[in-house]
Amino acid sequence: MLMRAPRECGSWFWDLDDVVEPGLESALRTAGRMSAVLQKHALLEPSALEWNWFQVGKGGLGIHSRLDLINRPLADPALPDDLRACRPAGHPQGEMGAILVLGSGAWFDASGTRHNEYGLVELMVSPDEIGPSAELSVHHDVWGPCDFRGEPHPAVHAANAPRLASALRELAQVIGAEPEPGEPTYYGQAEGLGLRAPDLVDGRGPDLTDAVPG
């Protein structure tokens, strides 16, 4: 059974301040370039965009928007205006927060059987006019040497972790900047192009299922 942690078990962050222009159009171009790499490695087939709204001097408005892509490419020139058109009518000064690119990706079990999973990886890009950025995060245990119960699963790890590492390596080349590992969580931490290996006790990793739904 594939389990998903409520927090990421690994994330990688790109500071794009000196790499791309700020703004929504640039953020969507970045998302399109990164998504193309992730699609190539069967890790993310974009199907929707989600974001929240905030107002300068006021903070978050508690309002979220979602736009289903329905096979629309992220490079669609009409997409930025369609996102702006979702601005809440009662908040004409509302600004868009970070944009989450959602979709399905493929993972392989110990027998080599392929499965599709929604939210296998999550891509987030910021349209912030001050500091553009991007982040890739993973929430499942197929990327680490042990599952969330602490059981080593070398076949699963070997079938999936190298694909993630290859995608991260290619993303760095496409973006022109190396990613920084994100902050550690209870479920794991990024290290290099993969996840940090847990400390083993009697051949087992830590059991994290006390906080993992399912």
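Here the Karplus curve 6.51 cos²θ - 1.76 cosθ + 1.60, taken at θ = phi - 60°, turns the phi angles of the stretch 32-40 into couplings of x, 5, 5, 5, 4, 5, 5, 5, 4 Hz, with x standing for Gly and Pro. Under the criterion of Cα pairs below 8 Å and six or more residues apart, the relative contact order for the stretch 24-123 equals 33 percent. Element breakdown for the chain at a 1.4 angstrom probe: carbon and sulfur atoms account for 51% of the accessible area.
Rounded to the nearest 20 debye, the dipole size of the stretch 34-93 about its Cα centre is 180 debye, using +1 on the Cβ of Lys and Arg and -1 on the Cβ of Asp and Glu. Label sites at ARG33 and SER111, each approximated as a point 7 angstrom past Cα along Cα to Cβ, lie 4.2 nm apart.
Name the residue from LEU74, SER47, GLY94 whose Cα lies farthest towards the positive end of the charge dipole of the stretch 1-116, charges +1 on Cβ of Lys and Arg and -1 on Cβ of Asp and Glu. Toward the positive end, the furthest listed residue is SER47. Fully extending the segment from LEU200 to ILE63, taken as 0.36 nm per residue of separation minus the present Cα-Cα distance, adds 45.0 nm. Here the contact order of the chain, divided by its residue count and restricted to Cα pairs under 8 Å and six or more residues apart, works out to 31 percent. Each residue of the stretch 63-74 was assigned a 3J(HN,Hα) from its phi angle through the Karplus expression (A = 6.51, B = -1.76, C = 1.60, θ = phi - 60°), giving 10, 10, 10, 9, 10, 6, 7, 6, 6, 7, x, 5 Hz with x at Gly and Pro. Dipole size of the chain about its Cα centre, with +1 on Lys/Arg Cβ and -1 on Asp/Glu Cβ: approximately 500 debye, rounded to the nearest 20.
Rounded to the nearest 20, the Cβ-based charge dipole of the stretch 101-145 about its Cα centre (Lys and Arg +1, Asp and Glu -1) stands at 220 debye. Over the chain, the reciprocal of the mean inverse Cα-Cα separation, the Kirkwood hydrodynamic radius, stands at 18.1 Å. Per residue, the chain exposes 50 Å² of solvent-accessible protein surface, assessed with a 1.4 angstrom probe and all protein chains in place.
Summary of packing: across the peptides 70-78, 50-58, 3-11, the per-residue average of other C-beta atoms within 10 Å ranks them, highest first, as 3-11, 50-58, 70-78.
Each helix, a run of at least 4 DSSP H residues, gives -39500 (n - 2.57); summed and divided by the residues of the chain, these come to -7000 deg cm²/dmol at 222 nm.
Note on LEU44: accessible area is roughly 0 Å² with a 1.4 Å probe, heavy atoms of protein only. For the stretch 152-208, the relative contact order works out to 29 percent when only alpha carbon pairs closer than 8 Å and six or more residues apart are counted.
The values are calculated or read from the model by the stated rules, or taken from the named source; none is laboratory data. Remember, it's a predicted structure, so these values are computed and weren't measured experimentally. Virtual Cβ from ideal backbone geometry, glycine too; neighbours counted across all protein chains shown. Just so you know, the surface numbers come from the protein's heavy atoms only, side chains and all, with ligands and any DNA or RNA stripped out. Shrake-Rupley method; radii C 1.70, N 1.55, O 1.52, S 1.80 Å.
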